[in-house]
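Everything on this sheet refers to the single structure shown next.
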Amino acid sequence: MTIKLHCFGESGNAYKAALTLELSGLEWEPVFVDFFNGATRSPEFLELNSMGEAPVMVDGDVILSQSGVIQDYVSSKSGKLGGKSAAERREILRWQFWDNHKMSSQAGMTRFLMNFIPEDKRPAEVIAFMQGRLNAAYKTLEHELADKNWLVGNAMTIADISCCGYLFYPEPFGFIRADWPNIDTWLSQIEETPGWKHPYDLMPGSPADRA
């Protein structure tokens, strides 16, 4: 049975789930969520996910939301990207929780405020504050990658996919890849992984569609 992922290309959290599925080898297909026209607030979508958020994964009778949970499910089902021991799995969870709290939540909000609302409504002080928090997160990631290729163990895991979720997007939000050489090398390794795709190539929906 083909796994369905309700997603849209602009979402970094959806990208984490989609890239995990793509690299897992499981059969899956994207289902476009028209977020910018209010699809996640529709009665039909709220019945699927009462949190009103994308992504949502449907695998037969299994319906999951939250990208980290979807990643864990896909990794467990496929036997890939999940670490080689209980200790590694705990370390993966540690980085996923860190990313959700310290990086992706800040990056998602900042990118939205800087690119997806009218220019005259963009709160400069809020954006500057969020970019400061993001800079601290980049420093943490840069330091962690100083002497290792991957965040956990000796191969890519869902920890890497979680933490890179927003860093491939072209829209400005305060991340300049060249300023962070260890992160840059790590992102290049991810890009070179067989099966890797850019978010706008992996999922339907991009700013160009709404231009």
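The values are calculated or read from the model by the stated rules, or taken from the named source; none is laboratory data. Just so it is clear, the model here is predicted, and its values are computed rather than measured. No Cβ is skipped: glycine too gets one built from the backbone with ideal geometry, and neighbour counts run over all protein chains shown. To get the accessible areas, we keep the full protein, side chains included, count just its heavy atoms, and leave off ligands, DNA and RNA. Shrake-Rupley method; radii C 1.70, N 1.55, O 1.52, S 1.80 Å.
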Residues of region 175-189 being under 15 Å from G165 (Cβ atoms) and open to solvent by 50 Å² or more (accessible area, probe 1.4 Å), which ones? R177
With A159, A155 as the choices, which residue is of a type in the set (G, A, S) and in a helix (DSSP H, G or I)? A159
Complete set of residues in region 175-189 that are under 16 Å from the mean Cα position of the chain (by Cα), of a type in the set (A, V, I, L, M) and either in a loop (DSSP other than H, G, I, E, B) or over 13 Å from L19 (Cβ atoms) (or both): I183
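So that you can scan it fast, the table gives a plain yes or no per residue for (1) among the aliphatic types (A, V, I, L, M); (2) in contact with a Pro (Cβ under 9 Å, 6 or more places away or on another chain):
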{"residue": "G79", "(1), (2)": "no, no"}
{"residue": "W98", "(1), (2)": "no, no"}
{"residue": "K102", "(1), (2)": "no, no"}
{"residue": "N115", "(1), (2)": "no, yes"}
{"residue": "A124", "(1), (2)": "yes, no"}
{"residue": "M130", "(1), (2)": "yes, no"}
{"residue": "N135", "(1), (2)": "no, no"}
{"residue": "M156", "(1), (2)": "yes, no"}
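One line per residue, one yes/no per condition, for (1) open to solvent by less than 40 Å² (accessible area, probe 1.4 Å); (2) over 18 Å from the mean Cα position of the chain (by Cα):
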| position | (1), (2) |
| --- | --- |
| E119 | no, yes |
| L134 | yes, no |
| Y138 | yes, no |
| H143 | no, yes |
| K148 | no, yes |
| S162 | yes, no |
| F168 | yes, no |
| F173 | yes, no |
| E191 | no, no |
Qualifying residues in region 24-44 (those that are of a type outside the set (D, E) and without any contact (Cβ under 8 Å) to a residue 24 or more places away in the chain) - the one farthest from V69 (Cα to Cα): N37
Quick one: what pairs do we get from region 170-183, first residue among the polar types (S, T, N, Q), second open to solvent by less than 60 Å² (accessible area, probe 1.4 Å), C-beta under 9 Å, 6+ apart or different chains? N182/L141; N182/E142; N182/E144; N182/L145
Could you please let me know if E29 is out of contact with any Ser or Thr (no Cβ under 8 Å at 6 or more places or on another chain), open to solvent by 40 Å² or more (accessible area, probe 1.4 Å) and within 24 Å of F168 (Cα to Cα)? no
Any residue in region 111-130 that is closer than 19 Å to S206 by Cβ sitting within a Cβ distance under 8 Å of a residue that is β-branched (V, I, T)? List the pairs, counting only those 6 or more apart or interchain. L113/V126; L113/I127; M114/I127
Is there a residue in region 10-20 that is open to solvent by 70 Å² or more (accessible area, probe 1.4 Å) and of a type in the set (F, W, Y)? no
Here the residues within region 72-97 that are buried (at least 17 other Cβ atoms within 10 Å of the Cβ) and not in a helix (DSSP H, G or I) are K80, L81, G82, G83
